[in-house]
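Step one of this worksheet: look at the structure below.
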Amino acid sequence: MAKTDTPQLRIAVRSGPRRQEVVAGIKEYILRNQLKPGDLLPTEAELCDAVGASRSSVREAVKTLSALDIVEVRHGHGTYVGGMSLAALVESLAFRGLLSGEADHHVLEQVVEVRQTLEQGLAAQITAGLDADQLEALRALTTGMTDAAARGDDFLELDREFHLTLMQPLANDLIEQLTGAFWEVQAIVAPSLGQSPPDLKETARLHVAIVDAAETRDTATLQAAVAAHYAPVRGLIQAAKAARAS
């Protein structure tokens, strides 16, 4: 029986590293052929030849790459180079935040810290680069927030779009993606605080204050408005910690 089990054990141990080799081979193929997001990858048989792997190994590697949004499988159409989004980061951080939420809300606190640090740290570039169209877009979003708050309606999508638009003057896709990713993590994890959410009208007002500050082109004023914006959620985190401690 021991002799029969040993080869099976060896195969299981080797399968992990082999899958990673094939994953690396497919990524190398994408780079070598200078493929871009949305480009069609070769058929499964062609990929097998290109990376020197079996069909089962290629399928497992494609599943791994699909989870990371490096490739996108469109059933009935083929496999394409993915959008390279930060979906995997959002999924991982959100799960960590929910998993540890009742313990200390540490992940949520860190996410809020990162968001505030990004917006305050880039305030000078934002005020310098903000153009009339972007300012008008921010104003329109805050108007939508104010109107929604008056009706008692939530405005999460407007909130997300606001923070993405605030980063547009930087013309940096990665910063915009990070902004969106951390916004999504906070939106998923914040309800686990078990606290009443911030007042909608006050939240809308704080966003209006950010636009007012950005329009002044004064870095310190914008930084102060950003700090005021994040103060309520920081207060909720501290209240949740205090409630658990007591």
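The values are calculated or read from the model by the stated rules, or taken from the named source; none is laboratory data. Please read these numbers as outputs of a predicted model, since none were measured by experiment. Cβ atoms come from the backbone with ideal geometry, glycine included; neighbour counts cover every protein chain shown. Note: accessible area is taken over every heavy atom of the protein model, side chains too, but ligands, DNA and RNA are not part of it. Shrake-Rupley method; radii C 1.70, N 1.55, O 1.52, S 1.80 Å.
Tabulated data
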{"quantity": "Label-to-label distance, nm, for residues given as residue 55 and residue 40 (7 Å Cα→Cβ offset)", "calculated": "2.0"}
{"quantity": "Prolate/oblate/rounded call for the range 150-211, Cα gyration tensor, a/c under 1.5 rounded", "calculated": "oblate"}
{"quantity": "Distance between modelled label sites at residue 215 and residue 27, nm, 7 Å Cα→Cβ extension", "calculated": "4.6"}
{"quantity": "Zero-based 5 Å bins, Cα pair distances in the chain, whole percents", "calculated": "1, 6, 11, 13, 13, 11, 11, 9, 9, 7, 5, 3, 1, 1, 0, 0"}
{"quantity": "Part-to-part distance (alpha-carbon centres) for the range 182-211 and the range 228-246, which is given in Å", "calculated": "12"}
{"quantity": "GNM top mover of 125, 134, 34 - the chain, alpha-carbon springs below 10 Å", "calculated": "34"}
{"quantity": "Percent accessible area from carbon and sulfur atoms, the chain, protein chains only, probe 1.4 Å", "calculated": "55"}
{"quantity": "At R0 = 45 Å, FRET efficiency that the Cβ-Cβ distance of residue 242 and residue 85 yields, to 0.05", "calculated": "0.80"}
{"quantity": "Residue-averaged [θ]222 nm for the chain, counting only DSSP H segments that reach four residues, each worth -39500 (n - 2.57)", "calculated": "-24500 deg cm²/dmol"}
{"quantity": "Inter-label distance for residue 20 and residue 131, nm, one decimal - labels placed 7 Å from Cα along Cα-to-Cβ", "calculated": "4.5"}
{"quantity": "Helix 87-100 axis, angle to the chain major axis (alpha carbon atoms, nearest 10°)", "calculated": "70"}
{"quantity": "Accessible area (Å², per residue) of the chain, counting only protein heavy atoms and a probe of 1.4 Å", "calculated": "56"}
